[in-house]
Amino acid sequence: MFKHDLTIIIPSLNESDNLKKLIPEIKSEIGKKFTYEIFIIDGIIKDNKTFEISKKNSIKYLNRIKNNDYGNAVRLGIKKSTGKYVLFMDGDYSHNPKFILKLYENKLYDVVIASRYVLGGKTDNGLLSETLSRFLNKFYNVILNLDLEDVSNSFKLYNTKMIKKLHLTCNHFDIIEEIIFKLRKNNDKIKFLEIPYHFKQRKYGKSKRNFFIIIAYLFSILKLRIFG
């Protein structure tokens, strides 16, 4: 059923400046320790710079379908993955390639989270951003009954069999919480592990997250809790 041990999925929009350094570092860190594939999930329009980076590094380049929503990138990556485990990471350097092996080493858990908010975790975001993030994670935990410190960081490792069974409908960054909520809903014995992680700020470019998107998916989370 699985062609590889691990699939690494990187949703990307205008991240070529980061990816040209990030991808070689990922490959260098993993080496030949296990088999893997890397997907760059770009926007609906081909980004020639990102395509050339993918080609140069012999990794898979895919374009989103319908629109540039983050949720579409996640769904496409899950559908195309052939690894026994799936790892999501951002393409902006906030997720350190050196931490991939740490997540993979704990693959006996169903979900392994690079957590900013467990003991030993840290974030380089400013005080306002960190305060808002902590509030949102408390909100997610209360509404979705998750009992996790860091739900919203996308840097996670999943059991592929479990994640492929999910019917995911959220369109933005709220799909990150939707995955966790539906995994737990489907299996009350699911095993989570949070590992302390130092979250870095992006190197180049601007964040795709903004206040209006956050407000929109707060309502999406409430809808998810009510209607499942």
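The values are calculated or read from the model by the stated rules, or taken from the named source; none is laboratory data. The structure displayed is predicted, hence computed values, not measured ones. Note that each Cβ is placed from the backbone with ideal geometry, even for glycine, and that neighbours are counted across all protein chains shown. Remember, those area values only see protein heavy atoms, side chains included, never the ligands or the DNA or RNA. Shrake-Rupley method; radii C 1.70, N 1.55, O 1.52, S 1.80 Å.
Roughly speaking, to the nearest percent, how much of the chain's 1.4 Å accessible area is carbon and sulfur? It would help to have the intermediate numbers written out before the result.
On the way: 6420 of 11740 Å².
Carbon and sulfur together cover 55 percent of it.
Computed across the range 125-204, the Kirkwood radius stands at 13.9 Å (inverse of mean 1/r, all Cα pairs).
For residue 198, nonlocal amide neighbours, meaning residues 5 or more places apart or on other chains whose placed amide H falls under 5 Å from its own, are 122.
Beta carbons within 10 angstrom, averaged per residue: use that to sort the peptides 69-76, 5-12, highest first. Before the final figure, lay out each step's value.
Details: 69-76: 22.0, 5-12: 24.5.
Ranking, from highest mean packing down: 5-12, 69-76.
Dipole of the chain, Cα-centred, from +1 at each Lys and Arg C-beta and -1 at each Asp and Glu C-beta, to the nearest 20 debye?
620
If Rh is defined by the Kirkwood formula over all Cα pairs and Rg also comes from Cα, what ratio Rg/Rh do you get for the range 1-101? Numbers along the way, then the final one.
Working: Rg = 12.5 Å, Rh = 13.5 Å.
Rounded to two decimals, Rg over Rh is 0.93.
Derived scalar couplings between HN and Hα for the range 136-141 equal 4, 5, 5, 4, 4, 5 Hz in order, rounded to whole Hz, by the Karplus curve 6.51 cos²θ - 1.76 cosθ + 1.60 (θ = phi - 60°), x for Gly and Pro. Here the Kirkwood formula puts the hydrodynamic radius of the chain at 17.7 Å, using every distinct Cα pair. Remark: the range 72-147 carries a charge dipole of roughly 240 debye about the Cα centre, counting +1 on each Lys and Arg Cβ and -1 on each Asp and Glu Cβ.
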